[in-house]
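A short worksheet on the structure shown next.
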Amino acid sequence: MNHWILIVIAAGSNVALNLCLKKGGQALNVSSPSAIALSVLTSGWMWLAVLSAGFLLSAFVAAIRLYSLSLTYTAVTALAMVLLTVIGVLLHQESVSPARIAGLGLIIAGLAVTAVAG
């Protein structure tokens, strides 16, 4: 399988993991350590987060077998950062500023330079 397909799968899994943890964390009962453990174990969002983490780990390990660790890690992280920001803006009404757009552009440019140099 092409390493870029694995990188995209890993980045998508990373995004899903973060979104599931956010949703699951919002519903946690934090009144005591046992209540936290019980609410984690009974939360569908937390189980989806575990599943997403498994996909992330599998795709990432498969990708680093085929390509360099430094490029794979950079690509997964950069893609996840950009996707999480876009989703945050579209679904969670997060603000968009010129500085934020410039930062995302620099992330994408950095990934492109890293990929071409690798």
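Values for this structure:
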item	result
Of all residues in the stretch 96-118 being over 17 Å from the mean Cα position of the chain (by Cα) and in contact (Cβ under 8 Å) with a residue 12 or more places away in the chain, the one that is nearest to Ile9 (Cα to Cα)	Ala115
Flag for Leu17 being at negative phi and open to solvent by less than 40 Å² (accessible area, probe 1.4 Å)	yes
The lone exception for Ser32 - which of (1) open to solvent by less than 80 Å² (accessible area, probe 1.4 Å); (2) closer than 30 Å to Ser95 by Cα it fails	(2)
Of residues in the stretch 64-118 being among the charged types (D, E, K, R) and farther than 22 Å from Lys23 by Cα, the one surrounded by the fewest Cβ atoms within 10 Å (Cβ to Cβ)	Arg65
Pair list, Cβ under 7 Å, 6 or more apart: the stretch 1-26 residue without any contact (Cβ under 8 Å) to a residue 60 or more places away in the chain and closer than 20 Å to Thr114 by Cβ, other residue assigned to a helix (DSSP H, G or I) and open to solvent by 30 Å² or more (accessible area, probe 1.4 Å)	Ile9/Phe55
Of all residues in the stretch 68-95 being under 15 Å from the mean Cα position of the chain (by Cα) and among the small types (Gly, Ala, Ser), the one that is farthest from Gly110 (Cα to Cα)	Gly88
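The values are calculated or read from the model by the stated rules, or taken from the named source; none is laboratory data. Quick caveat, the model's predicted, so the values are computed rather than measured. Here the Cβ is made from the backbone with ideal geometry for all residues, glycine too, and neighbour counts use every protein chain on show. We work out accessible area using only protein heavy atoms, side chains counted, and drop any ligands, DNA or RNA first. Shrake-Rupley method; radii C 1.70, N 1.55, O 1.52, S 1.80 Å.
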